[in-house]
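Scroll down for the structure; my scribbles are underneath it.
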Amino acid sequence: MELRPFGLRAADVIPYAPGPPLPLPLLLTRVPAGFASPADDHVDCTLDLNDLVVKHPAATFFVRVEGDSMTGANITDGDILVVDRAVEPCDGKIVVAVLDGELAVKRIRIRDGRVCLVSENDLYPPIPVEGEQELVIWGVVTHVVHACK
């Protein structure tokens, strides 16, 4: 098995381009994992997914994930990440970063002023960022879009 510690390709970065609103029906009743009540299936409002996942349109982009280094965070190969550059990256956030020219999605950990990029898969060791390395945070991952399997 080939381990790809960074798991993103720059060619898969897609800028957000707002289109016309697309409000769709939203059931306000939560769907139980067991049996749903047939009496609760009425529509109470609409939802536009752009409004739900894009808080800062000018600062948002999408990127497709490649690899399995973030499966513990429920981010899998082929998923689309919604990334917001207006959100402050801080300890514990999942970020899209460029470390020495390589694009990656990782959880950022900051301890005693030292930054470490951490995978959510035990097969991949943490990547401490050393002083001579160049780290650029492109943005904070705010949502993950993936198809049900």
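The values are calculated or read from the model by the stated rules, or taken from the named source; none is laboratory data. It should be emphasised that the depicted structure is a prediction, and the values quoted were computed from it without experimental measurement. Here the Cβ positions follow ideal geometry from the backbone for every residue, glycine too, while neighbour counts run over all protein chains shown. These area figures cover heavy atoms from the full protein model, side chains too; ligands, DNA and RNA do not enter into them. Shrake-Rupley method; radii C 1.70, N 1.55, O 1.52, S 1.80 Å.
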Go through (1) assigned to a strand (DSSP E or B); (2) open to solvent by less than 30 Å² (accessible area, probe 1.4 Å); (3) of a type outside the set (Lys, Arg); (4) within 25 Å of residue 17 (Cα to Cα) and name the single condition residue 137 misses. (2)
Segments classed as strands (runs of 3 or more DSSP E), wholly inside the range 1-112, with at least 1 members that are touching a strand residue (DSSP E or B) at 6+ places or on another chain (Cβ under 7 Å), modelled with pLDDT of 90 or more and among the charged types (D, E, K, R): 60-65, 80-84, 102-111
It is to be established whether one or more residues within the range 107-124 are polar (S, T, N, Q) and buried (at least 18 other Cβ atoms within 10 Å of the Cβ). yes
For residues in the range 67-95 being small (Gly, Ala, Ser) and surrounded by 15 or more Cβ atoms within 10 Å (Cβ to Cβ), which is farthest from residue 108 (Cα to Cα)? 67
Just give me the residues in the range 117-149 being more than 15 Å from residue 85 (Cα to Cα) and within 18 Å of the chain's Cα centre (by Cα), in sequence order. 117, 118, 119, 120, 121, 144, 145, 146, 147, 148
